[in-house]
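Chemist: Here it is: the structure, laid out below.
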Amino acid sequence: MTSDHITVDHAADIDRQVRVYVVVFVALLALTLVTVAVSYLDLPPAMAIAVALLVATVKGSLVACYFMHLISEKKLIYVVLVITAIKFVALLALPAVTHSNGFWIDE
Amino acid sequence: MEIPYTFEVRRDTGLTNGKIGLWLFLASEVMLFGALFASYILIRTGAPNWPRGDTILNVPLATFNTIVLISSSVTMVMAWASLVRGSFATFRIYMGATILLGFVFLVVKYFEYSHKFHDGLYPSTNNFLAIYFTLTGLHMLHVAGGMALNAWFWGPGAKLWKTNPVWFTNRVEHSGLFWHFVDLVWIFLFPTLYLL
Amino acid sequence: MTQPGAVTAPQPHVAHQSHHEELGFWRQYVFSVDHKVIGIQYAITGLLFLLFGFSLMMLMRWQLAYPGAALPLVGNLFGEARMPGGTMLPEFYNELGAMHGTIMVFLGVVPLAVGGFGNFVVPLQIGAPDMAFPRLNMASYWFFFLGGVTMLASFFVPGGAAQSGWTSYTPLSVLAGTGQTMWLIGMLFLITSSLLGAVNFITTIIQLRVRGLTFMRFPFFVWTQLVTSFLLLLAFPPLQAAAIMQMMDRVAGTSFFMPSGLVVSGQVLTAAGGGNPLLWQHLFWFLAHPEVYVLILPAMGIVAEVIANNTRKPLWGYRSMVYSLMFLGFMSFLVWAHHMFMTGMGTAMAAFFQTTTMIISIPSVVILTALLISLWGGSIRFNTPMLFALGFLPMFGIGGLTGLPLGFNVSDIPLHDTYYVIGHFHYVVAPGTIFALFAGVYYWYPKATGRKMNETLGKIHFFGSLVCMNVIFMPMFLMGLAGVSRRLFDGGETYAFAQPVLHLNVVSSWGAWILAIFQIPFIFNFFWSIWKGEKTDENPWQATTLEWAAPSPPPHGNFLEPPQAYRGPYEYSVPGAARDYTPQHEA
């Protein structure tokens with residue numbers, strides 16, 4: 001059996017995809033260099049954290065959207081990920097819950 | 001007995017079992033690493049002082065490793081694209097490259113670790129190193145797991161291509177999803193541990 | 001995006017039609033990939049662990065009722081290191097306490113409710129031939145088994161099993177003996193098992209439901225399993241992370257949970273410090289509050305099935321029950337810190353968690369009320385499963401209502417460390433969830449074996465258990481309100497203010513031991529009925545849901561021909577119909 005079943009429908013599609021992958025790859029490399037370069041600038045901590053996390057988020061989104069095909073995924077996967085995202089936010093609230101002024105008496 | 005929708009798509013969800021299963025697994029992984037990130041933030045914000053990563057860790061080496069892992073993500077997705085195009089030979093090359101790049105990552109990490117140990121820096125030294133070793137150690141386990149999975153599809157698992165290419169392509173895509181996730185975790189680990 | 005699977009592929013493996021006849025003993029009963037065999041494996045292992053955990057508690061109850069007295073008959077079996085001369089040492093009491101909690105929650109109730117009933121019933125109720133990933137399913141069971149073996153083995157390491165409570169609070173647990181390391185390893189196995197199981201359940205329910213079985217036609221039990229699986233999937237990983245960090249603290253000497261300058265027995269510890277003991281509590285309760293719903297939701301599902309079947313009426317307010325369930329699942333991640341009011345929480349945070357806790361009680365009440373109203377006007381059949389289901393309603397009600405004072409900071413602080421809390425959550429889990437699980441055993445037993453369990457023995461089991469459960473747990477509320485601490489190995493003997501209520505310890509203990517006697521009819525019935533029970537056809541309860549369309553016991557692959565769902569799950573007593581039930585699979 002040949003793999004014609006797959007290629008017939010998607011040959012043109014996949015060529016376009018591969019070009020996107022290459023562009024994303026270059027963008028990821030560039031952003032890696034940006035984030036390293038910024039770290040040598042010795043920005044104030046708040047600024048440094050904001051920039052580093054922003055760059056990481058952009059990179060992560062590129063990977064998720066294009067390499068993991070999330071940009072055009074089925075609705076069900078989005079539902080699962082939205083539920084996860086809500087719980088994830090609750091989880092990340094945990095340090096804030098512990099350290100915010102007046103929330104825990106000893107802080 | 002046949003389980004439905006192992007490789008054919010269920011019409012109303014538009015998905016195969018494997019793909020849903022893999023995304024659910026990744027959702028749990030998000031919560032696993034999320035909990036460790038939250039712990040990192042909690043401990044760091046509670047600490048009177050905290051070393052900047054680049055005063056202890058080797059940034060150029062980690063930058064190199066970041067590039068290695070990003071490249072392996074590209075070769076992974078190219079391996080899958082080769083299968084979609086029907087070219088098994090190109091798949092083997094790209095998949096081989098992915099495994100090789102994963103191996104390079106681990107070797108670099110080995111040198112980083114042994115250099116730290118040589119300098120007398122252990123997980124017990126302080127909480128920065130504790131979180132560094134725990135997070136990167138767990139991430140390395142994931143890299144090794146992903147490599148094992150990829151090696152299976154490069155080697156013995158590839159027999160499936162001859163009998164059911166659609167299913168095989170799907171499985172490689174799922175293996176890729178995991179591999180990209182491992183890459184994604186590193187994309188966040190790199191700045192938080194090394195640069196901040 | 002490109003979907004290679006979207007293209008019609010030629011069907012390979014057509015030659016594999018009915019190969020289940022050829023399987024040998026090991027593949028068929030031990031390393032089976034059949035969801036029904038795995039479900040029964042889970043159920044029997046879970047029941048055995050329930051019995052084991054119960055036995056640990058009976059030992060503790062002796063020490064609480066008669067502090068310092070030598071235990072007759074069996075006291076000398078535990079060796080000089082644990083019970084010299086038959087008298088229990090505090091360390092052994094702590095082992096029993098920690099392991100009773102761990103075993104009941106993680107090795108007894110959850111495996112039985114989710115692994116056992118979920119595995120056996122869910123694929124049948126959605127008309128599927130098996131779970132979506134049968135081999136993963138087998139792996140789940142064996143990870144669970146390994147976890148159980150690790151927990152049991154921990155009794156035999158130097159220093160004995162874990163002694164820091166089932167919550168393993170730090171820094172106490174970090175400083176504890178080898179048993180705690182075993183506990184962490186066991187938990188990692190159990191977490192892995194649950195995660196694989198959760199992935200499998202969600203995929204199965206979404207993908208393998210038969211034609212016509214839309215989400216709003218799901219039996220309520222399937223809904224509870226779906227929500228439960230999401231809770232397991234997303235709540236367990238934080239505990240996994242916490243277990244990894246505690247393991248690092250214990251093995252690699254890190255200080256995730258070790259504060260600076262900790263003094264133990266007059267000695268300053270040498271650890272690096274800088275950690276936060278509260279972090280463990282946060283991560284633990286981030287799992288363990290959703291875990292409470294993992295314990296209770298499948299129970300509600302079973303009760304709903306049994307009540308609809310035996311009132312011969314549709315469930316009242318099915319949709320509101322489903323929406324309440326989803327809301328419960330969502331809110332259960334936002335209430336965890338109400339277990340931590342004692343940690344010195346500030347007022348702003350306490351206000352937030354009190355509010356979310358009060359909000360989350362609403363959907364539970366909606367579900368319970370809907371079940372109660374479902375009884376109204378029904379021609380109720382009082383068979384054993386129904387008795388247990390009916391017993392569940394007031395017992396869970398008592399458990400739930402006594403929880404309200406614990407949800408408020410002000411009333412929680414005096415009650416939190418007392419027996420009141422023990423009484424509260426045991427009412428939810430013991431006469432609550434475990435009664436529902438018994439209802440499930442009696443209800444689905446004919447599907448698994450083709451025979452019914454004996455009704456008379458079942459009724460003895462039910463009424464005996466109902467009385468004993470209340471004798472055990474009701475006194476705990478009184479002791480708790482009197483202020484008796486729940487963490488004392490002598491039951492509060494040395495405290496003057498506890499003296500007026502101490503005799504209640506004896507009442508509780510005798511309740512527990514007599515409860516054990518009333519489990520004998522069940523154990524006998526369970527095995528005797530396999531061979532001698534009344535033979536039944538595939539639908540002995542005249543039920544409507546899809547599992548009753550399969551033969552009893554169902555063969556590998558379940559249905560003789562794939563069923564299709566034509567209607568909602570509970571079409572009982574439809575006006576104008578020939579019979580008082582119209583099965584889902586009938587056109």
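The values are calculated or read from the model by the stated rules, or taken from the named source; none is laboratory data. All of these numbers come straight from a predicted model, not from anything done at the bench. Reconstructed Cβ throughout: ideal geometry from the backbone, glycine too, with neighbour counts over all protein chains shown.
Chemist: Tell me yes or no: at least one residue of the stretch C:182-197 is in contact with a strand residue (DSSP E or B) (Cβ under 9 Å, 6 or more places away or on another chain) and more than 30 Å from B:Arg11 (Cα to Cα). Talk me through it step by step, then tell me what you get.
Modeler: Applying the first criterion (in contact with a strand residue (DSSP E or B) (Cβ under 9 Å, 6 or more places away or on another chain)) to the stretch C:182-197 yields C:182-183.
Subsequent filtering for residues that are more than 30 Å from B:Arg11 (Cα to Cα) retains C:182-183.
Checked against the condition, which is being in contact with a strand residue (DSSP E or B) (Cβ under 9 Å, 6 or more places away or on another chain) and more than 30 Å from B:Arg11 (Cα to Cα), the stretch C:182-197 yields at least one hit.
Chemist: Can you tell me how many residues within the stretch B:96-127 are within 14 Å of chain C (Cβ to nearest Cβ) and part of a loop (DSSP other than H, G, I, E, B)? Lay out the reasoning, then the answer.
Modeler: In the first step, residues of the stretch B:96-127 are kept if they are within 14 Å of chain C (Cβ to nearest Cβ); the result is B:113, B:116-117, B:120-127.
In the following step, the residues that additionally are part of a loop (DSSP other than H, G, I, E, B) were identified as B:120-126.
Total satisfying the criteria: 7.
Quick grid of which residues meet (1) of a type outside the set (D, E, K, R); (2) within 14 Å of another protein chain (Cβ to nearest Cβ); (3) surrounded by fewer than 19 Cβ atoms within 10 Å (Cβ to Cβ); (4) closer than 24 Å to C:Glu538 by Cα:
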| site | (1), (2), (3), (4) |
| --- | --- |
| C:Phe54 | yes, no, no, no |
| C:Phe78 | yes, no, yes, no |
| C:Pro90 | yes, no, yes, no |
| C:Glu95 | no, no, no, no |
| C:Gly108 | yes, no, no, no |
| C:Gly115 | yes, no, no, yes |
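Chemist: Test B:Val68 against the stated conditions and say whether it is at the interface with another protein chain (Cβ under 7 Å from one of its Cβ atoms), surrounded by 17 or more Cβ atoms within 10 Å (Cβ to Cβ) and under 27 Å from B:Glu173 (Cα atoms). Steps first, please.
Modeler: Working: at the interface with another protein chain (Cβ under 7 Å from one of its Cβ atoms): no; surrounded by 17 or more Cβ atoms within 10 Å (Cβ to Cβ): yes; under 27 Å from B:Glu173 (Cα atoms): yes.
Considered against the rule, which asks whether it is at the interface with another protein chain (Cβ under 7 Å from one of its Cβ atoms), surrounded by 17 or more Cβ atoms within 10 Å (Cβ to Cβ) and under 27 Å from B:Glu173 (Cα atoms), B:Val68 comes out as no.
Chemist: Another question about this same structure. Return the pair list, or none, for Cβ contacts closer than 9 Å from residues in the stretch C:510-534 that are surrounded by fewer than 18 Cβ atoms within 10 Å (Cβ to Cβ) to residues that are of a type in the set (D, E, K, R), at least 6 apart or on different chains.
Modeler: Pairs found: C:Trp510/C:Arg61; C:Trp513/C:Arg61; C:Ile530/C:Arg451; C:Trp531/C:Arg451; C:Lys532/C:Arg451; C:Glu534/C:Arg451; C:Glu534/C:Lys452; C:Glu534/C:Glu455.
Chemist: Name the single residue, out of those in the stretch C:129-178 being within 13 Å of chain B (Cβ to nearest Cβ) and part of a loop (DSSP other than H, G, I, E, B), that is farthest from C:Tyr42 (Cα to Cα).
Modeler: Ranking the qualifying residues of the stretch C:129-178, first place goes to C:Thr170.
Chemist: Check the stretch C:291-306 and report whether any residue there is within 11 Å of another protein chain (Cβ to nearest Cβ), under 30 Å from B:Ile41 (Cβ atoms) and either of a type in the set (S, T, N, Q) or surrounded by 24 or more Cβ atoms within 10 Å (Cβ to Cβ) (or both).
Modeler: First pass over the stretch C:291-306, keeping only residues within 11 Å of another protein chain (Cβ to nearest Cβ): none.
No, because not a single residue in the stretch C:291-306 is within 11 Å of another protein chain (Cβ to nearest Cβ), under 30 Å from B:Ile41 (Cβ atoms) and either of a type in the set (S, T, N, Q) or surrounded by 24 or more Cβ atoms within 10 Å (Cβ to Cβ) (or both).
Chemist: In the stretch C:353-368, how many residues are without any contact (Cβ under 8 Å) to a residue 40 or more places away in the chain and surrounded by fewer than 17 Cβ atoms within 10 Å (Cβ to Cβ)?
Modeler: 4
Chemist: What tally of residues in the stretch B:3-49 results from selecting those that are assigned to a loop (DSSP other than H, G, I, E, B) and either in contact (Cβ under 8 Å) with a residue 24 or more places away in the chain or at the interface with another protein chain (Cβ under 7 Å from one of its Cβ atoms) (or both)?
Modeler: Kept after step one, since they are assigned to a loop (DSSP other than H, G, I, E, B), are these residues of the stretch B:3-49: B:3-9, B:11-14, B:16, B:47-49.
Those left that are additionally either in contact (Cβ under 8 Å) with a residue 24 or more places away in the chain or at the interface with another protein chain (Cβ under 7 Å from one of its Cβ atoms) (or both): B:3-9, B:13-14, B:16, B:47.
Total satisfying the criteria: 11.
Chemist: Which of the residues belonging to the stretch C:464-501 are within 28 Å of C:Trp528 (Cα to Cα) and either without any contact (Cβ under 8 Å) to a residue 24 or more places away in the chain or aliphatic (A, V, I, L, M) (or both)? Before you say what the answer is, go through the steps one by one.
Modeler: At the first step, the residues of the stretch C:464-501 found to be within 28 Å of C:Trp528 (Cα to Cα) are C:464-469.
Within the stretch C:464-501, C:Leu466, C:Val467, C:Met469 qualify.
Chemist: While we're on this one: Which residue out of A:Asp42, A:Asp15 is more than 7 Å from chain B (Cβ to nearest Cβ), at pLDDT below 90, assigned to a helix (DSSP H, G or I) and more than 30 Å from C:Met342 (Cα to Cα)? Steps first, answer last, please.
Modeler: Details: A:Asp42 fails: assigned to a helix (DSSP H, G or I).
After ruling out the rest, the residue left standing is A:Asp15.
Chemist: Looking only at the stretch B:146-168, decide whether some residue is without any contact (Cβ under 8 Å) to a residue 60 or more places away in the chain, in contact with a Gly (Cβ under 8 Å, 6 or more places away or on another chain) and either facing another protein chain (nearest Cβ under 8 Å) or crowded, with 20+ Cβ neighbours inside 10 Å (or both).
Modeler: Initially, the stretch B:146-168 is screened for residues without any contact (Cβ under 8 Å) to a residue 60 or more places away in the chain, giving B:146-149, B:151-153, B:155-157, B:159-160, B:162-163.
Those still in the list that are in contact with a Gly (Cβ under 8 Å, 6 or more places away or on another chain) too: B:146-147.
Cutting the leftovers down to either facing another protein chain (nearest Cβ under 8 Å) or crowded, with 20+ Cβ neighbours inside 10 Å (or both) gives us B:146-147.
Taking every residue of the stretch B:146-168 in turn, at least one turns out to be without any contact (Cβ under 8 Å) to a residue 60 or more places away in the chain, in contact with a Gly (Cβ under 8 Å, 6 or more places away or on another chain) and either facing another protein chain (nearest Cβ under 8 Å) or crowded, with 20+ Cβ neighbours inside 10 Å (or both).
Chemist: Which residue is farthest from the other protein chains (Cβ to nearest Cβ), if the candidates are limited to the stretch C:244-256 and must be surrounded by fewer than 24 Cβ atoms within 10 Å (Cβ to Cβ) and touching a Leu at 6+ places or on another chain (Cβ under 8 Å)?
Modeler: Our first condition is that a residue be surrounded by fewer than 24 Cβ atoms within 10 Å (Cβ to Cβ); within the stretch C:244-256, this holds for C:244, C:247-248, C:250-253.
If we keep only those that are touching a Leu at 6+ places or on another chain (Cβ under 8 Å) as well, we get C:244, C:247, C:250.
Working: C:Ile244: 7, C:Met247: 9, C:Arg250: 11 Å.
This residue is C:Arg250.
Chemist: Moving on. If the requirement is being in contact with a strand residue (DSSP E or B) (Cβ under 8 Å, 6 or more places away or on another chain), part of a helix (DSSP H, G or I), surrounded by 23 or more Cβ atoms within 10 Å (Cβ to Cβ) and facing another protein chain (nearest Cβ under 7 Å), which of these qualifies: C:Leu283, C:Leu278, C:Leu233?
Modeler: On the way: C:Leu283 fails: in contact with a strand residue (DSSP E or B) (Cβ under 8 Å, 6 or more places away or on another chain); C:Leu233 fails: in contact with a strand residue (DSSP E or B) (Cβ under 8 Å, 6 or more places away or on another chain).
Just one listed residue meets the conditions, C:Leu278.
Chemist: Which numbered condition in (1) more than 14 Å from chain C (Cβ to nearest Cβ); (2) in contact (Cβ under 8 Å) with a residue 40 or more places away in the chain; (3) surrounded by 22 or more Cβ atoms within 10 Å (Cβ to Cβ) is the only one that B:Gly53 fails?
Modeler: (3)
Chemist: Considering each of B:His174, B:His139 in turn, give the residue that is in a helix (DSSP H, G or I), surrounded by fewer than 23 Cβ atoms within 10 Å (Cβ to Cβ) and more than 11 Å from chain A (Cβ to nearest Cβ). Please lay out each step first, then the result.
Modeler: Values: B:His174 fails: more than 11 Å from chain A (Cβ to nearest Cβ).
B:His139 is the lone residue from the list that is in a helix (DSSP H, G or I), surrounded by fewer than 23 Cβ atoms within 10 Å (Cβ to Cβ) and more than 11 Å from chain A (Cβ to nearest Cβ).
Chemist: Among the listed residues B:Ala89, B:Ala130, which satisfies the condition of being away from chain C (no Cβ under 14 Å) and in a helix (DSSP H, G or I)? Outline the logic, then answer.
Modeler: On the way: B:Ala130 fails: away from chain C (no Cβ under 14 Å).
Result: B:Ala89 is the single residue among B:Ala89, B:Ala130 that is away from chain C (no Cβ under 14 Å) and in a helix (DSSP H, G or I).
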